[in-house]
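Worksheet: the structure to be examined is printed underneath.
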Amino acid sequence: MIISALYSESPRLAIVDEFVPTDQALRPFAVDDYLLRCLSKEDLQADAVLHFWPGDPAVYLGMVDTRLPDFQAGVNFLKHSAYTPVIRPSGGLAVVSDPGILNFSLLIKPEDGRLSIDDGYEVLVRLMNQIFAPYQEEVQAGEITRSYCPGSYDLSLQGKKIAGLAQRRIGSAIGISAYVSLEGDQIRRGQLIRDFYQASHVQEAKRDDYPDVLPESMHNVSDVVPELGQLSRFKAAIQEALSADTASQSPLALDQLDLSKDLAKMTKRNQDI
């Protein structure tokens, strides 16, 4: 079981499937906030939502990053490197997104209204392990200290990080998000984030929680399980893993969502960059 234990009956799952172009880089966060609010108020014809949002090259920054000694210089470096910088509302530090990375969120509303932060993360750990079990691989959760955006729920295969998790709560609804490095030059991604921190003068920072990124600490799913290294295949694997755990799966189109208020909030959050 992945999420069915959180409901008295098998939940109905809605699926939002989008690719995020550069000029819409704020949109997926507005989508998640809108849907979390709808779930909390029981305004959806669904009990949970699966939101896929891979996209064009971007770097999603945390609020901690905004306190770097020369954050604007780091932002300018990302722009010159052809990556769109976005300050996100969940998660602590910088992560990379590009067409070889799958970003997705699982949005839920437990019926009893209670789920600890760790138990929320364990939902995605169970999901990921169900995906990899047929390939005799087990995902390990635990901090990879020299990865970018290190945290206690880094997900690794064979000792190297392939994914990271973040969590956001609105009302009684919970969104657990993941980025999964599927294919592409993961070493270059790590170097990009390392160079971002150097451009931001991280060595002058008063706090010591910025990562000393070692690009070799991370790799791709395709390095371990080539069959799962393609975006379409991994998305299908997620839906397959959830199929036995849900009563139904139905698409939810973006044009059915009124994102104006949530996009305005994201725009305000990002107005300085």
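The values are calculated or read from the model by the stated rules, or taken from the named source; none is laboratory data. Fair warning: this is a prediction, and the values are worked out from it, not measured in the lab. Cβ sites come from the backbone with ideal geometry, for glycine too, and all protein chains shown count toward neighbours. Protein only, heavy atoms only, side chains kept; ligands, DNA and RNA dropped before computing areas. Shrake-Rupley method; radii C 1.70, N 1.55, O 1.52, S 1.80 Å.
Some notes on this structure:
- Between the residues 184, 163, 197, the greatest Cα displacement towards the positive end of the dipole of the stretch 158-212, with unit charges on the Cβ of Lys, Arg, Asp and Glu, is found for 163.
- Counting DSSP beta bridges with both ends in the chain, the antiparallel % (nearest 5): 65 percent
- Counting heavy atoms of the protein chains alone, residue 201 has an accessible area of about 70 Å² for a 1.4 Å probe.
- With contacts taken as Cα pairs under 8 Å at a separation of at least 6 residues, the chain carries a relative contact order of 26 percent.
- Taking the 1.4 Å solvent-accessible surface of the stretch 53-133 as the whole, the part contributed by carbon and sulfur is 52%.
- Here the stretch 188-239 and the stretch 138-180 have alpha carbon centers that stand 11 Å from each other.
- Amide H within-cut-off set for residue 84, under 5 Å, with H built and near neighbours excluded: 58, 59
- Per residue accessible area in Å² of the chain, where ligands, DNA and RNA are left out and the probe is 1.4 Å: 43 Å²
- Within the chain, longest stretch free of exposed trypsin sites (Lys or Arg not before Pro) [DSSP loop, at most 15 other beta carbons within 10 Å]: 115-205
- Rounded to the nearest 500, the 222 nm mean residue ellipticity of the chain from helices alone is -9000 deg cm²/dmol, with -39,500 (n - 2.57) taken per DSSP H run of at least 4 residues.
- Residue-level accessible surface for residue 217, protein heavy atoms, 1.4 Å, Å²: 20 Å²
- Along the chain, longest interval not containing exposed GluC sites (Glu not before Pro), exposed being DSSP loop plus at most 14 other Cβ atoms within 10 Å: 144-273
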